[in-house]
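K.L.:
Sharing a structure with you now.
The values are calculated or read from the model by the stated rules, or taken from the named source; none is laboratory data. Note that the coordinates shown come from a computational prediction; the quantities given were computed from them, not determined experimentally. We place every Cβ from the backbone using ideal geometry, glycine too, and count neighbours over all the protein chains shown.
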Amino acid sequence: MTDPPLARSARSARSARSARSERPLDRGIIRRLAGYTRRYARLRNGLLGLVVLRAIQLPFVAWAMARVLSGPIARRDAPGTVAGVAGFLALAGFTELCFVFRYRFALRLGEAVVHDLRDDVYAHLLRMPMSFFSRAAVGGLVARVTSDMEVIRIGVQDVAFVSIVTLGSALISAGLMIYYDWRLFLVVSIMVPGVWMLVRRLRGRLGQAHRDQQESFARVTATLAESVAGIREIQSFARQGASAGRFAALVRDHARYNMAAARHGAIIQPFLEWNGQLFLCLVLVIGGYQALVGGVPLAALIQFVFLSNGLFAAIPNLGTQYNQALAAMAGAERVFALLDTRPDWEDAPGATALDRVEGDVRLDDVGFAYEADRRVLADVGLGVAPGRTVALVGATGSGKSTLASLVAKLYLPTAGRIAVDGRDLAGVSGPSLRRHIACVTQDNFLYAGTVADNIRVGRPDATDAEVRAAARALDVEQLIDALPDGFATDVGEGGARLSLGQRQVVCFARAMLADPRILILDEATSSVDVVTETRMQAALARLRTGRTSFVIAHRLATVRHADEIVVLDHGRIVERGTHAALLAANGAYARTFRRAAGIGA
Ligand SMILES: Nc1ncnc2c1ncn2[C@@H]1O[C@H](COP(=O)(O)OP(=O)(O)O)[C@@H](O)[C@H]1O
Ligand SMILES: [Mg+2]
């Protein structure tokens with residue numbers, strides 16, 4: 001089974017990019033990761049101290065054992081042996097005590113770094129404009145803060161420090177071996193460059209395997225996230241089979257990448273261990289021969305056997321660390337790439353905050369396109385005085401929601417200008433503008449929590465009484481009290497435990513409590529039943545009172561009382577006026593209205 005073509009082309013583009021920047025251990029990435037330890041400099045430095053200490057201790061533990069063997073034991077010196085063993089025990093005990101703290105500090109450092117990185121990623125995502133999220137795959141983003149973070153954690157917590165211990169103790173072991181018999185050391189160390197070269201060849205392939213592995217995992221999580229979000233559609237269109245098939249293919253694919261990575265690892269590891277054993281054999285053959293003919297003292301040979309463990313065990317160990325470093329690099333590369341994604345647009349550097357808003361909204365010759373060559377709005381001119389209501393009507397896809405998003409500065413117009421109270425939105429900070437705007441749409445989002453929590457979203461400090469008052473002002477207090485736990489009802493994740501209509505009621509109350517100057521109702525009542533809607537018309541009229549309102553609705557009963565009705569067609573305004581004037585003009589609006597009236601809506 002292969003990927004769908006889209007996924008495959010995305011992957012080949014990515015691997016082309018990673019092949020170009022094929023530097024398995026990227027200094028820039030390491031430096032940037034190390035930068036995250038700066039805030040924990042004391043912890044990190046303490047850890048480095050312990051690591052250096054252990055790098056010295058480990059070869060000396062081996063050395064001490066060899067000393068006891070070749071010294072007092074070889075001499076059959078009982079008191080000397082007891083003293084030697086006691087000394088060995090003390091050294092070993094101290095070494096392991098250092099290990100306890102080395103381990104604990106490393107865990108703490110890894111946790112701290114990952115915590116800060118996650119914070120950064122989350123903050124970054126929250127700053128990205130809407131256009132970013134319509135392109136980004138949710139699962140890919142989830143992978144950035146889950147699996148990628150885990151490999152980074154291992155990288156921070158293990159790789160650097162274990163490598164220093166291993167490398168340091170290997171060097172000291174080598175030093176001691178040279179001290180005992182430099183010729184024997186030279187003979188056996190001719191193997192090292194050969195081993196190193198082979199490892200270098202193998203590890204390039206391993207790096208790619210790790211990247212593939214993590215990318216395919218991101219595809220798996222993306223598909224899972226998408227399926228869970230769209231489970232209603234999947235089940236209602238009986239698409240379970242197709243979805244399961246697609247998912248199974250991705251999982252199979254992922255398993256293949258896992259296997260490929262494991263296969264590379266499974267070649268490198270045994271190969272390195274085999275080299276260690278080969279080395280020991282060399283020591284025994286050459287050293288043993290020399291000891292037999294008297295060229296090398298037995299004590300030196302014993303030291304060699306013990307110290308060689310520190311030297312040659314280091315190579316497979318460094319290999320393992322190297323694997324983990326590659327995985328961490330791949331993870332960090334992707335996390336940093338996300339952090340480096342610049343938004344398509346940001347508030348201008350000199351953007352000022354809107355402190356007070358009257359609610360005068362003006363659009364001059366506004367044009368907009370989501371994608372460069374497909375215009376969605378053109379030459380839209382519109383003025384709404386404070387407190388007035390404008391209704392936007394038109395066929396699906398005519399650009400009504402887009403226009404509303406532009407007013408909230410969720411996107412920037414590609415032509416013309418939009419001004420609130422005469423201030424061009426280009427020079428206004430988006431968040432400050434949106435404090436004065438509330439938006440209720442057809443598919444409103446509820447956060448996990450209670451109904452009251454969700455009403456409070458726009459004003460987190462509101463009291464219970466204020467929350468209730470907002471619901472009462474909308475005449476939906478009884479509706480909410482009728483829920484299983486009233487205002488304390490748990491809405492479930494994404495509001496899944498409320499009906500669409502109930503969710504909408506919560507969102508109206510949310511807008512009411514936020515008390516904005518500008519209100520956007522985008523097909524806000526399309527999911528409530530007709531009885532509720534009729535009842536809510538009065539409530540919505542109350543919500544609109546004194547606020548500049550943009551009302552988008554299919555049901556003409558909702559729009560007929562607007563101060564101005566604007567008819568959009570393919571992104572252009574084709575008619576405008578009051579309900580009566582538009583009926584008299586007998587154009588598109590009048591036709592639609594009569595048709596709707598004819599079928600009794
Ligand atoms: N995020 C988006 N990316 C690309 N195109 C979009 C996006 N949102 C809407 N569009 C396109 O813009 C046009 C207008 O959409 P919209 O404003 O939602 O229409 P309406 O609300 O009137 O139904 C449609 O052709 C739609 O396909
Ligand atoms: Mg719409």
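K.L.:
For region 554-573, what are the residues that are within 11 Å of ligand 1 (Cβ to nearest atom) and under 17 Å from residue 504 (Cβ atoms)?
P.N.:
554
K.L.:
Something else about it: Out of the residues in region 104-135 that are among the hydrophobic types (A, V, I, L, M, F, W, C), surrounded by fewer than 16 Cβ atoms within 10 Å (Cβ to Cβ) and at pLDDT 90 or above, state the one that is nearest to ligand 1 (Cβ to nearest atom).
P.N.:
123
K.L.:
Would you mind finding the one in 132, 94 that is assigned to a helix (DSSP H, G or I) and over 30 Å from residue 370 (Cα atoms)?
P.N.:
94
K.L.:
Can you tell me how many residues within region 366-389 are farther than 20 Å from residue 567 by Cα and within 7 Å of ligand 1 (Cβ to nearest atom)?
P.N.:
Counting residues in region 366-389 that are farther than 20 Å from residue 567 by Cα and within 7 Å of ligand 1 (Cβ to nearest atom) gives 2.
K.L.:
Conditions: (1) within 25 Å of residue 207 (Cβ to Cβ); (2) touching a residue at least 40 places away in the same chain (Cβ under 8 Å). Residue 95 meets all but one. Number of the miss?
P.N.:
Only one criterion is unmet by residue 95, namely (1).
For (1) of a type outside the set (Ser, Thr, Tyr); (2) farther than 30 Å from residue 430 by Cα, each residue gets a yes or a no:
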| residue | (1), (2) |
| --- | --- |
| 144 | yes, no |
| 154 | yes, yes |
| 166 | no, yes |
| 172 | yes, yes |
| 184 | yes, yes |
| 199 | yes, yes |
| 205 | yes, yes |
| 208 | yes, yes |
| 213 | yes, yes |
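K.L.:
If you don't mind, another one. When you look at residue 392, is it within 16 Å of ligand 1 (Cβ to nearest atom) and part of a strand (DSSP E or B), yes or no?
P.N.:
yes
K.L.:
Let me ask something else. Check every one of the strands (runs of 3 or more DSSP E) wholly within region 528-580 and list those with 3 or more residues that are closer than 30 Å to residue 498 by Cβ and not polar (S, T, N, Q).
P.N.:
548-552
K.L.:
Pick from 71, 35: which is of a type in the set (Gly, Ala, Ser) and either surrounded by fewer than 13 Cβ atoms within 10 Å (Cβ to Cβ) or modelled with pLDDT of 95 or more (or both)?
P.N.:
35 is the lone residue from the list that is of a type in the set (Gly, Ala, Ser) and either surrounded by fewer than 13 Cβ atoms within 10 Å (Cβ to Cβ) or modelled with pLDDT of 95 or more (or both).
K.L.:
All but one of (1) under 27 Å from residue 449 (Cα atoms); (2) away from ligand 2 (no atom under 15 Å from the Cβ); (3) touching a strand residue (DSSP E or B) at 6+ places or on another chain (Cβ under 9 Å) hold for residue 528, so report the exception by its number.
P.N.:
With respect to (1) under 27 Å from residue 449 (Cα atoms); (2) away from ligand 2 (no atom under 15 Å from the Cβ); (3) touching a strand residue (DSSP E or B) at 6+ places or on another chain (Cβ under 9 Å), residue 528 is out only on (3).
K.L.:
Hey, among 156, 142, 165, which residue is under 30 Å from the mean Cα position of the chain (by Cα) and crowded, with 19+ Cβ neighbours inside 10 Å?
P.N.:
Of the residues listed, the single one that is under 30 Å from the mean Cα position of the chain (by Cα) and crowded, with 19+ Cβ neighbours inside 10 Å is 156.
K.L.:
Select the helices (runs of 4 or more DSSP H) contained entirely in region 396-501, then report the ones holding at least 2 residues which are more than 16 Å from ligand 2 (Cβ to nearest atom).
P.N.:
Once the helices (runs of 4 or more DSSP H) in region 396-501 are filtered for at least 2 residues that are more than 16 Å from ligand 2 (Cβ to nearest atom), what remains is 430-434, 451-455, 464-473, 477-481.
K.L.:
Does residue 162 qualify as being β-branched (Val, Ile, Thr) and within 22 Å of residue 332 (Cβ to Cβ)?
P.N.:
It is true that residue 162 is β-branched (Val, Ile, Thr) and within 22 Å of residue 332 (Cβ to Cβ).
K.L.:
When the residues of region 542-557 are narrowed to those that are aliphatic (A, V, I, L, M) and either modelled with pLDDT under 85 or surrounded by fewer than 15 Cβ atoms within 10 Å (Cβ to Cβ) (or both), which ends up nearest to ligand 2 (Cβ to nearest atom)?
P.N.:
Selected residue: 553.
K.L.:
How do the pairs read when you match residues in region 278-301 that are at pLDDT below 85 with residues anywhere that are not in a helix (DSSP H, G or I) and not aliphatic (A, V, I, L, M), using Cβ under 9 Å and keeping only pairs 6 or more apart or on different chains?
P.N.:
If the second residue must be not in a helix (DSSP H, G or I) and not aliphatic (A, V, I, L, M), the pairs left are 291/297.
K.L.:
Please work out if residue 296 is crowded, with 19+ Cβ neighbours inside 10 Å and under 18 Å from residue 186 (Cβ atoms).
P.N.:
Against the criterion (crowded, with 19+ Cβ neighbours inside 10 Å and under 18 Å from residue 186 (Cβ atoms)), residue 296 qualifies.
K.L.:
Which ones in region 385-394 are at negative phi and either at pLDDT below 90 or more than 16 Å from ligand 2 (Cβ to nearest atom) (or both)?
P.N.:
385, 386, 388, 389
K.L.:
Another question, if that's okay. How many residues are in contact with a helix residue (DSSP H, G or I) (Cβ under 9 Å, 6 or more places away or on another chain) and either within 7 Å of ligand 1 (Cβ to nearest atom) or among the small types (Gly, Ala, Ser) (or both) when one looks only at region 396-410?
P.N.:
2
K.L.:
List pairs: first residue in region 461-476 and on the phi < 0 side of the Ramachandran plot and free of Cβ contacts under 8 Å to residues at least 60 places away in the same chain, second residue outside any loop (DSSP other than H, G, I, E, B) and of a type in the set (Val, Ile, Thr) anywhere in the structure, Cβ distance under 8 angstrom, at least six positions apart or on different chains.
P.N.:
Listed by first residue and then by second, the contacts come to 462/455; 467/455; 470/455; 471/455; 471/480.
K.L.:
Out of (1) closer than 20 Å to residue 132 by Cβ; (2) surrounded by 20 or more Cβ atoms within 10 Å (Cβ to Cβ); (3) within 16 Å of ligand 2 (Cβ to nearest atom), what's the single condition that is false for residue 370?
P.N.:
Of the numbered conditions (1) closer than 20 Å to residue 132 by Cβ; (2) surrounded by 20 or more Cβ atoms within 10 Å (Cβ to Cβ); (3) within 16 Å of ligand 2 (Cβ to nearest atom), the odd one out for residue 370 is (2).
K.L.:
Need the failing condition index for residue 578 against (1) within 15 Å of ligand 1 (Cβ to nearest atom); (2) of a type in the set (S, T, N, Q); (3) modelled with pLDDT of 90 or more, just the number.
P.N.:
(1)
K.L.:
If you check 313, 225, 260, which single one turns out to be surrounded by 14 or more Cβ atoms within 10 Å (Cβ to Cβ) and more than 29 Å from the chain's Cα centre (by Cα)?
P.N.:
Only one candidate passes the filter, namely 313.
K.L.:
Then there is this: Which ones in region 438-460 are touching a Ser or Thr at 6+ places or on another chain (Cβ under 6 Å) and touching a residue at least 60 places away in the same chain (Cβ under 8 Å)?
P.N.:
Of everything in region 438-460, just one residue is touching a Ser or Thr at 6+ places or on another chain (Cβ under 6 Å) and touching a residue at least 60 places away in the same chain (Cβ under 8 Å), namely 442.
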